[in-house]
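The values are calculated or read from the model by the stated rules, or taken from the named source; none is laboratory data. Remember, it's a predicted structure, so these values are computed and weren't measured experimentally. With ideal geometry, Cβ positions are generated from the backbone for all residues, glycine too; neighbour counts draw on all protein chains shown. The protein model used for the area step is the full one, side chains on, heavy atoms only, and it has no ligands, DNA or RNA in it. Shrake-Rupley method; radii C 1.70, N 1.55, O 1.52, S 1.80 Å.
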Amino acid sequence: MKLNELVRSRLPEGGTVIDRTGSDHEWPPALKVADVVPTPPADDMITAVTVPGSPAATGDLSAVLADAVPGEAVLLLLPWRPRELPLGPVIQALVAAGLQATEAHPLADTEWGVAVVCRRVDDAVGEVHAYLDRSRSLGPLEGRALLRLVDEHVVEGLVRRTQALALEAVTAERDALRKQLDALTKTPPAASAAEGEELESSDDLG
């Protein structure tokens, strides 16, 4: 997906992109661009953020997302391709910032490889133990545990879809090569018959 197509699908004409990416990306001309989030955040705006500095700096994700306020829509732009996405740090940063992922897409036309659309949930989302923590007794699936489950589903779903498509492409390429190889190694029946007649003619001459 192209980044501006994704943004246009999320915002009406005249909506606002709060650009905190520090990049020179040209947003759709029908949208306004600002760098300050109004209070409270408007429904027709989205805040674009990314990982600063080195792509390996996953620890910076939490700091980048920490300023999101309840109700704010966030467009998280990540420098990794889907199959290279560091799932653990990304999901942990989303949960720590109270962000609920709603969709994730691979990007085809920018320096960023993945876009995650999310929204800061209400501060009432409580701190409860992670649902995968086996050292504690089972509790209700709510609060941050439920938020983590949702974020994992959305972000991991993108990675799984990408892996499935890559596998399909490899399988199709393999099948095509196999057909080409079979065609090269098998002699057509008509050609075999013609070769046999040539051999018989040679024997007669001898």
request  = Among the residues of region 13-38, write down those that are touching a Ser or Thr at 6+ places or on another chain (Cβ under 6 Å) and not in a loop (DSSP other than H, G, I, E, B).
outcome  = ILE18, LYS32, ALA34
request  = Please give the number of the condition LEU61 fails out of (1) more than 18 Å from LEU146 (Cα to Cα); (2) open to solvent by 60 Å² or more (accessible area, probe 1.4 Å); (3) modelled with pLDDT under 90.
outcome  = (2)
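Do we have PRO41 as assigned to a loop (DSSP other than H, G, I, E, B), more than 20 Å from the chain's Cα centre (by Cα) and farther than 24 Å from ASP67 by Cβ here?
Numbers: assigned to a loop (DSSP other than H, G, I, E, B): yes; more than 20 Å from the chain's Cα centre (by Cα): yes; farther than 24 Å from ASP67 by Cβ: no.
Against the criterion (assigned to a loop (DSSP other than H, G, I, E, B), more than 20 Å from the chain's Cα centre (by Cα) and farther than 24 Å from ASP67 by Cβ), PRO41 does not qualify.
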message = Regarding region 25-38, can at least one residue be identified that is touching a residue at least 24 places away in the same chain (Cβ under 8 Å) and open to solvent by 70 Å² or more (accessible area, probe 1.4 Å)?
response = no
